[in-house]
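The structure under discussion appears below in the form of structure tokens.
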Amino acid sequence: MESTYQIGSRTFVLDQQKAEEAFAAKKVINGRETMTFNLLPLKYSWAYDLYRSMKANHWEPEDIPMQKDVEQWRSPTEISDVDRWIIRMGLGYFSAAEGIVGDNILHVVRELVTAPELKLVLGRHAHEENIHADSLLYMISSLGVNPHECEAMFEQIETIRRKNEFVTRTSHGLRRDMDLTELENKQLFAKNLFVFGQCMEGTQFYGLFGMILSLYRQNKFPGIGQMFRYTLRDESNHIEVFRNLLMDLIDENPDVWTDSFRRELVDLMKEAVELEKAFIRDCLPVNAVGLSSEEFLQYIDYIADRRLEGVGLEPLHPGIQNPFPWLAEMMDIAKEQNFFEGRVTEYQKSSSLSAVSDDEL
Ligand code: FE
Ligand code: MN
């Protein structure tokens, strides 16, 4: 018996019984092992949808002009030493942090999930981390910063080193041959998804996002700010990928979600917030024009609570206000008129054009 599947604008006809068997065998973990990469029938449609929107947001660092940033970086009067220090901390932290996220996706998460559409979106996720790492390289070379200084920051600045250690300790023990039928291992994997998605990309990236985009709002470092806006938009999709993975994993493995495990996750978020607050104090040792460290600390508490609620955990500061409502609008890139819009439209056009030609085949 045949039946029809509709995915977006496309229609597929599948043998119903075989399709149902394949569908039932799809799992976040411990699903059917297959050497083939068969996306159909699609079970985790959120993964395919996110893959499509991530692709539509494609950007390339070299399309963003850096002349103004370079002028400001060299000018003794246009920007302050605090402004310059925030940018240095941004270059130092993110150059390596993007790679740590990408490495965890490729060597841990993408290896352990079994459904092909989950591997698909994780492949795109890892590619976006490459684009982010490349954008840092472009910023460093444009400004003429010594790359070894950035590398050294990752080892020598204690608050950066501790953020790094916090995430890599949930990554190092996990490899593709681990037995995920054991509860303890399932919880280690769930913890990895929570720490990378909600604590690191979801919370510990937001101190610098807030600071760099505050500078951008004051017309400081427009090229770097633009790249961070695109990065922020990508990160919001990454947080969603990892949130959905965790939610579906728990759904399929309810034994993971014990009271003590939930408390452990909340404690990990508390630790992530403390590390981020210490890092913010290093980035902004004194208040600068339009930048108050108190507001950034409150912002981190606000963001952490949104991440906890996103995975069904209790917030740490119920009712806390967002001190930077403008920051959410920074992601709303498509609506705005700017030099880059033409290029975004081009990328989107070329991807929809290839969709049309696929359909015509
Ligand atoms: Fe990233
Ligand atoms: Mn990311």
Practice task
Determine whether residue 251 is open to solvent by 30 Å² or more (accessible area, probe 1.4 Å) and among the acidic types (Asp, Glu).
Solution key: yes
Checked the stretch 86-109 for anything at pLDDT 95 or above, more than 14 Å from ligand 2 (Cβ to nearest atom) and open to solvent by 10 Å² or more (accessible area, probe 1.4 Å); matches are 88
Going through the stretch 271-301 in order, the residues found to be of a type in the set (Lys, Arg) and closer than 22 Å to residue 318 by Cβ are 277
Residue pairs qualifying under the 9 Å Cβ cut-off, at least six apart or on distinct chains, with the first in the stretch 1-28 being within 24 Å of residue 247 (Cβ to Cβ) and open to solvent by 40 Å² or more (accessible area, probe 1.4 Å) and the second being among the hydroxyl-bearing types (Ser, Thr, Tyr) and in a strand (DSSP E or B), are 5/11; 20/3
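This table checks each residue for (1) at pLDDT 95 or above; (2) among the charged types (D, E, K, R); (3) surrounded by fewer than 19 Cβ atoms within 10 Å (Cβ to Cβ); (4) within 16 Å of ligand 1 (Cβ to nearest atom).
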{"position": "163", "(1), (2), (3), (4)": "yes, yes, no, yes"}
{"position": "170", "(1), (2), (3), (4)": "no, no, no, no"}
{"position": "175", "(1), (2), (3), (4)": "no, yes, yes, no"}
{"position": "190", "(1), (2), (3), (4)": "yes, no, no, no"}
{"position": "201", "(1), (2), (3), (4)": "yes, yes, no, yes"}
{"position": "209", "(1), (2), (3), (4)": "yes, no, no, yes"}
Checklist entry - Could you say whether any residue in the stretch 227-236 is away from ligand 1 (no atom under 16 Å from the Cβ), open to solvent by 10 Å² or more (accessible area, probe 1.4 Å) and either farther than 27 Å from residue 99 by Cβ or not aromatic (Phe, Trp, Tyr) (or both)? => result no
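Condition first: within 16 Å of ligand 2 (Cβ to nearest atom) and among the aromatic types (Phe, Trp, Tyr). Now tell me which residues in the stretch 57-85 satisfy that.
So the first thing to find is which residues in the stretch 57-85 are within 16 Å of ligand 2 (Cβ to nearest atom), and the list is 57-59, 61.
Within the stretch 57-85, 59 is the sole residue that qualifies.
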Point to revise | Filter pass, residue 320 being outside any helix (DSSP H, G or I) and surrounded by 17 or more Cβ atoms within 10 Å (Cβ to Cβ) | key: no
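The values are calculated or read from the model by the stated rules, or taken from the named source; none is laboratory data. Everything numeric in this text was worked out from a predicted model, so none of it was measured. For neighbour counting, all protein chains shown are included, and Cβ atoms are generated from backbone atoms with ideal geometry for every residue, glycine included. Heads up: the accessible areas ignore ligands, DNA and RNA and are worked out on the full protein's heavy atoms, side chains in. Shrake-Rupley method; radii C 1.70, N 1.55, O 1.52, S 1.80 Å.
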